[in-house]
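The values are calculated or read from the model by the stated rules, or taken from the named source; none is laboratory data. Keep in mind that what you see is a predicted model, and the values were worked out from it rather than measured. Note: ideal-geometry Cβ built from the backbone for every residue, glycine included; neighbour counts use all protein chains shown.
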Ligand SMILES: Cc1cc2nc3c(=O)[nH]c(=O)nc-3n(C[C@H](O)[C@H](O)[C@H](O)COP(=O)(O)OP(=O)(O)OC[C@H]3O[C@@H](n4cnc5c(N)ncnc54)[C@H](O)[C@@H]3O)c2cc1C
């Protein structure tokens, strides 16, 4: 087993840290969160770093698919400001990985070069059954051209659908969480005719919007339909499914948020004095800090281990689901402990911990609650 991180990966990590310190200082993060403002300025600068190229092969203008590097970048962004992590995931994960892994040659040529430059964002409407959408196939009365489909219905709470270039809708045969399920992904242009987007107010992740998207017979041309079928594409039989990509990105973001909250808590516990000593010397506090550090370490290892398996194109659905379930719970537990260590101050809006707390709750609800992810893992255990 090899657990060391390469010099290149460490350099990448520190360059993202430097970038955030310079271009998005903590005062800016607080302001964006308070005003529910999209981080346009820093996001525009972030594109110049070329981070989205980490999930794109060199052949299509990327630096080569390096999942460990991509999760390290996503963790850093989420540690500092999870909304930036969301935007990175929308480009490198939902865009780059989805199309690199599952797209046709034409789709790769069309989308990947722009994704590698950070120029395209993909919002994702999850839901294994697509029960809330009606996708009408091959009916000459409704589908206007060969192979095109029309989409009807509403998808709720889509992160940053208002800023996305494309909204991905997943239609899956999955009844259980198995490798041989087929997925169809419809890449719907955000400004297509028949799309209506409305914003919802929410507690956390306030720098990006949660949108309800109504589809009134929106046409998707055949060239924007991405099919993933193990049986059809045997050579790519372990290509990552969209739901797996989703678990990888949410789990990583949760590790980032937990790490951010932990860093602040450690600093505060050393600085804050009560009864003539730093509160970090109280055993009760020490134990909480140890628990937080251990949960984060375990979550990060699950994430990096599943990224490592995925990098080798091996099956990793269960590992990714475990990483999502554990990291989401870890982020929540870490933030509750953090609030406890900060005492009354942790509950004040001027304290950053309440923001981490709100963001951890938002992320853990994203893309399947811990209950439903556990059920997916259980299905797979029984199948074996
Ligand atoms: C901040 C935020 C951002 C989001 N962003 C997106 C997005 O970009 N795209 C998108 O498509 N969706 C998004 N969502 C929606 C999110 O994916 C769903 O809220 C989540 O999957 C839970 O589904 P639900 O709200 O329908 O809850 P329900 O499924 O109705 O769950 C209600 C309760 O039942 C439990 N439950 C449900 N199923 C099971 C099961 N199988 N086994 C055991 N218990 C179960 C749940 O744990 C929960 O306690 C977002 C949500 C939030 C809060």
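Table: residues versus (1) more than 15 Å from the chain's Cα centre (by Cα); (2) buried (at least 24 other Cβ atoms within 10 Å of the Cβ).
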{"site": "61", "(1), (2)": "yes, no"}
{"site": "65", "(1), (2)": "yes, no"}
{"site": "77", "(1), (2)": "no, yes"}
{"site": "85", "(1), (2)": "no, yes"}
{"site": "90", "(1), (2)": "no, yes"}
{"site": "97", "(1), (2)": "no, yes"}
{"site": "104", "(1), (2)": "yes, no"}
{"site": "111", "(1), (2)": "yes, yes"}
{"site": "116", "(1), (2)": "yes, yes"}
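Check whether at least one residue in region 20-27 is in contact (Cβ under 8 Å) with a residue 24 or more places away in the chain, surrounded by 14 or more Cβ atoms within 10 Å (Cβ to Cβ) and out of contact with any helix residue (DSSP H, G or I) (no Cβ under 7 Å at 6 or more places or on another chain), and report yes or no.
Scanning region 20-27, I find no residue that is in contact (Cβ under 8 Å) with a residue 24 or more places away in the chain, surrounded by 14 or more Cβ atoms within 10 Å (Cβ to Cβ) and out of contact with any helix residue (DSSP H, G or I) (no Cβ under 7 Å at 6 or more places or on another chain), so the answer is no.
List the pairs whose first member sits in region 344-372 and is under 14 Å from residue 333 (Cα atoms) and touching a residue at least 24 places away in the same chain (Cβ under 8 Å), whose second member is more than 7 Å from the ligand (Cβ to nearest atom) and in a loop (DSSP other than H, G, I, E, B), and whose Cβ atoms are under 6 Å apart, counting only residues at least 6 apart or on separate chains?
Final answer for the pair search is 358/203.
Could you list all residues from region 159-171 that are at pLDDT below 95 and either away from the ligand (no atom under 13 Å from the Cβ) or out of contact with any helix residue (DSSP H, G or I) (no Cβ under 9 Å at 6 or more places or on another chain) (or both)?
169, 171
Select from region 262-275 the residues that are assigned to a strand (DSSP E or B) and touching a helix residue (DSSP H, G or I) at 6+ places or on another chain (Cβ under 8 Å) and list them in ascending order.
273
Is it the case that some residue within region 248-261 is in a loop (DSSP other than H, G, I, E, B) and modelled with pLDDT of 95 or more?
No, there is no match, as no residue in region 248-261 is in a loop (DSSP other than H, G, I, E, B) and modelled with pLDDT of 95 or more.
Do you know which of the residues in region 361-375 that are more than 6 Å from the ligand (Cβ to nearest atom) and over 10 Å from residue 325 (Cα atoms) is surrounded by the fewest Cβ atoms within 10 Å (Cβ to Cβ)?
The residue in question is 361.
At pLDDT 95 or above, within 28 Å of residue 368 (Cβ to Cβ) and touching a strand residue (DSSP E or B) at 6+ places or on another chain (Cβ under 9 Å): is that true of residue 239 in this structure? Lay out the reasoning, then the answer.
Details: at pLDDT 95 or above: no; within 28 Å of residue 368 (Cβ to Cβ): yes; touching a strand residue (DSSP E or B) at 6+ places or on another chain (Cβ under 9 Å): yes.
Taking the combined requirement at face value, the residue does not satisfy it.
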